[in-house]
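To start, the structure itself, in structure tokens.
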Amino acid sequence: MKQKKHKPFFSYRWRNRATVLNRGTILRLLKKVGIVIGFLIILFFILNWIFPLPDKIEYSVIITDNKGEVINAYLTRDQKWRMKTELNEISPLLRKTIIAKEDKYFYSHPGVNPVAIVKAFFRNVFRMKTASGASTITMQVARALEHRKRNIGSKIIETFRAFQLELKYNKNEILQMYLNLVPYGGNIEGVKSASILYFNKNPDHLSLAEITALSIIPNRPSSLVIGKNNDLIVQERNKWLRKFAEEKVFTQKEIADALAEPLTASRGTVPHYLPHLSYRLKIRGGDIVRTNIIMNTQAKTEKLVEDYVRTLRLKNIKNAAVVVINNKTHKVITYVGSSDFHDTTDGGQVNGAAAVREPGSTLKPLLYGLCIDEGLETPKMVVTDVGVNYAGYSPENYDKKFNGYVTVEYALEHSLNIPAVKSLGLLGKDKLIQKLASCDFKQIKKDQNKLGLSMILGGCGATLEELTGLFSAFANDGIYIAPSYTQNDTNPARKKIISAAANYMITDILSRVNRPDFPLNWQATEHMPKIAWKTGTSYGRRDAWSIGYNKNYTIGVWVGNFSGVGVADLSGANVATPLLFKIFNTIDYDSDADWFDLPADCEQRKVCSETGLLPADHCNNIVMDYFIPMTSSTKQCDNWQEIMISADEKLSYCKNCVPETGYKKKWYKMIDPEMQAWMEENKVVYEKIPSHNPNCEKIFKEGLPVITSPNNNTEYLINKKDREPLQLTCKTQNDVSKVYWYINNKFYKTSSAGEKQFFVPDEGPVKISCTDDKGRNRDIWITVKYVNL
Ligand SMILES: [Zn+2]
Ligand SMILES: [Zn+2]
């Protein structure tokens, strides 16, 4: 009974325990496990929040050409070559090989591989040696992000970091980080750096043999050095290749090819092409700067610049810079900052393309384009090239001669200074500055309040980059699209700078070859493409410019010395243009690009050749001129006027004083006083209108100009040391638009009726005369004394 009594007890206990295990115990256990897992998850997230991933990786900045090839790179701050491999550079072959070798279950484990850990643990215990095989790719990334001593504590932290990585990144991104951080000996980190430095190519072009060879380096970086231990590396590589064959990772053919591939690589150097542009773009930021540089064109241009500057060294001219823009894509495809970056004696490291220099006459085409668009000028319009004085500023022409009457197109072709200064005066300099500012001329924008009319002769600061960009607008119907230096510069704004018609007229003038700035001794070849170009020479002959364009390219050339030393032989025409022609002749050789088409709003009309205005009855010399309907002036030529004169041709009359005794009529050419002065100086014979009838009341008694400054019969004291100019102002009748000032009977200046003028008088009595455009004159006298104040 007793035993019987016990049995049920036992069986009960047993059954009871079984029941508990089946239900409550399991539930409780699950609950406990759940709590532990929950706790661990919460702990993980807390730790994740407290100890975020140290995943900010500093990469070497790399500069690529238009095809993505590395053309320059910079060490990281910790002096490493750690170039960023992009996802698209991780070829399927690279991915497959690395995964087969490092971490077969990479795509299925959660960051750590439990089986491998257990295996490694036992190996660790029995061999008393730190295991390496256990680390997944994720854990290796964790290790590379933070360098620690290899012990159990570090393993635990790495495991935690591995989970963090898996949480934050997808598998491809983790593989990318691995490939970017894995050490390949020396200061080379990442497969991209290794690929560039050892194999001189991007990682997506590596072969199976090369990838396998590279992948064994990280295990023993000090004993497996590419270039030193290549035989040993080949042995190790082939072991892995055979293992891949056993595991059927690759086909027998692929393995056989890889086994047969020799390893001749050794550590090379990182390319340092385009040092000036690379540095300029590097400081803008970003790990990878993708330029639009075409290396073929770049190399040809560099060679031309180097050879050309060598020939100039005898003349003491030592540097040059070139920018080439593709006009169809608006991309900067070639950029030469100096003739030799490594030339330290002549400042080869200075970037001549980005340096702010005086632009000489290179802004004149834009000025005339703007004047055409304002209706102020057309190519055949006649302007005067005679000495002028702007508040003490008297520009001279390049050859120090004045040409009298010239057309606008002649003035641009010959780069005359006076017509340019006058045209800028007519247009207003603010309009030119505003256009240049919208074309990204930074220095001009900065200095806009300081600039004067001399800016059109180069009295301002501009860079070759800016000028080449401006001229590329002339190659694009007058629409400026900022040149793109990198592939990130997408969809730049289109800014209309001048009308297509004005642009066409300017291009037509700039493409003529029979001009004074055509280089001496230039042997044009029949293959030379047609181009339009403008030269410039800065004050003191420090900078020679020549910027040209056709439908294909805009090329900007600067030649000079970075030291700023002027050279007598330096000129845009003879020093910069030959290099411009050579570059066109090389990169656009034998091009059959068609020339620019006549735009719809550009029409032709007959004009009088003496004025460029619409012909009147008296005009005999008619020429064809371009014009813009509704914009260009429709003023009729009034160059000749029929004047009533006395029989002896000694007096002229107006309607009010014409004598009843009779008169005769005669045609005279109207010549304004500044041209008369020039003609007399240059002994050009012309027929003067006889002086006006002195008894004429209308002209000489009424409405004479009144000189309001200086004051008649007044003594003026002028400081000897600081000769401040006197102001010239007058009041005139409403019908007067222009007045002419004379100092001591000598023509001084033409002025608008209300405009202030200035002059610095000589000591002694001074006669000041003001004549209006109707011929009415007023004289005053002042006395000037120079004193020490
Ligand atoms: Zn005429
Ligand atoms: Zn009269």
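Computed from the coordinates by the stated procedures, all read-outs in this text should not be read as laboratory data. Only a predicted model underlies this, so the values are computations on that prediction, with no experimental measurement involved. Cβ placement follows ideal geometry from the backbone for every residue including glycine, while neighbour counts extend to all protein chains displayed.
The distance between label points at Ala616 and Leu598 comes to 2.9 nm (points 7 Å beyond Cα on the Cα→Cβ vector).
Between Asn521 and Lys785, the modelled label-to-label distance comes to 6.2 nm, taking each label 7 Å out from Cα in the direction of the beta carbon. A straight Cα-to-Cα reach below 15 Å connects Lys318 with the aspartates and glutamates Glu302, Glu306, Asp307, Asp340, Asp343, Asp346, Asp543, Asp569, residues fewer than 8 places away in its own chain not being considered. Placing unit charges on the Cβ atoms of the charged side chains and taking the dipole of the chain about its Cα centre, the candidate lying farthest along the positive direction among Asn503, Thr750, Ser632 is Asn503. Applying 0.36 nm per residue to the separation of Gln434 and Asn711 and subtracting their alpha-carbon distance, the gain on full extension is 95.8 nm.
What is the magnitude of the charge dipole of the range 195-303 about its Cα centre, with +1 placed on the Cβ of each Lys and Arg, -1 on the Cβ of each Asp and Glu, and no other charges, expressed in debye to the nearest 20?
Values: 16 positive and 11 negative charges, 94 e Å.
Result for the range 195-303 is approximately 460 debye, rounded to the nearest 20.
Among Ile283, Leu47, Val309, which residue has its Cα furthest toward the positive end of the charge dipole of the chain, with +1 on Lys/Arg Cβ and -1 on Asp/Glu Cβ? Of the listed residues, the answer is Leu47.
When each of the peptides 297-303, 183-189 is scored by the mean number of other C-beta atoms lying within 10 Å of its residues, the order from highest to lowest reads 183-189, 297-303. Note on the chain: with charges restricted to the Cβ of Lys and Arg (+1) and Asp and Glu (-1), its dipole about the Cα centre is near 7360 debye.
Computed from the Cβ-Cβ distance with R0 of 51 Å, the FRET efficiency linking Arg23 to Phe51 stands at 0.80.
Taking the Cβ-Cβ separation of Gln235 and Asp287 as r and a Förster radius of 41 Å, what is the calculated FRET efficiency to the nearest 0.05?
Values: r = 36 Å, r/R0 = 0.88.
Efficiency at R0 = 41 Å is approximately 0.70.
Of the GluC sites (Glu not before Pro) in the range 452-528, the ones in a loop by DSSP (not H, G, I, E or B) with at most 10 other beta carbons within 10 Å are Glu526.
Under a point-charge model restricted to the Cβ atoms of Lys and Arg (+1) and Asp and Glu (-1), what is the dipole moment magnitude of the range 275-318 relative to its Cα centre, in debye to the nearest 20? Intermediate values should be presented prior to the final figure.
Working: 10 positive and 4 negative charges, 36 e Å.
Dipole about the Cα centre, nearest 20: 180 debye.
Only lysine pairs 8 or more places apart, or on different chains, with alpha-carbon atoms under 19 angstrom apart are counted in the range 17-112, and they number 4.
Cα centroids of the range 649-691 and the range 329-388: 44 Å apart. Going 7 Å from the Cα of Lys300 in the Cα-to-Cβ direction, what parts of the range 552-589 have a backbone nitrogen less than 16 Å from that spot? Correct set: 552-556, 579-589.
Show me the ranking of peptides 283-295, 193-205 by mean Cβ neighbours inside 10 Å, starting with the highest. Spell out each step's value before the answer.
Numbers: 283-295: 17.5, 193-205: 21.5.
Ranked by mean Cβ neighbours within 10 Å, highest first: 193-205, 283-295.
Report, as a whole number in µm² per second, the diffusion coefficient that Stokes-Einstein gives for the chain at 25 °C and 0.890 mPa s using the Kirkwood radius over alpha carbon pairs. Result for D is 73 µm²/s. How big is the gap, in Å, between the Cα center of the range 737-789 and the Cα center of the range 539-598? One Cα centre to the other: 45 Å.
Taking 0.36 nm per residue of sequence separation and removing the Cα-Cα distance, the Asn219/Lys720 pair yields an extension gain of 171.8 nm. Screening the chain for DSSP H helices whose Cα atoms reach 27 Å or more along their own axis and whose mean Kyte hydropathy is at least 1.6 gives 26-50. For the range 148-287, lysine pairs separated by 8 or more sequence positions, or belonging to different chains, with Cα-Cα distances below 26 Å total 22. Centre-to-centre separation between the Cα atoms of the range 478-509 and those of the range 171-188: 44 Å. If you take the charge dipole of the chain about its Cα centre, with +1 on Lys and Arg Cβ and -1 on Asp and Glu Cβ, which of Phe106, Ser472, Pro359 is farthest toward its positive end? It is Phe106.
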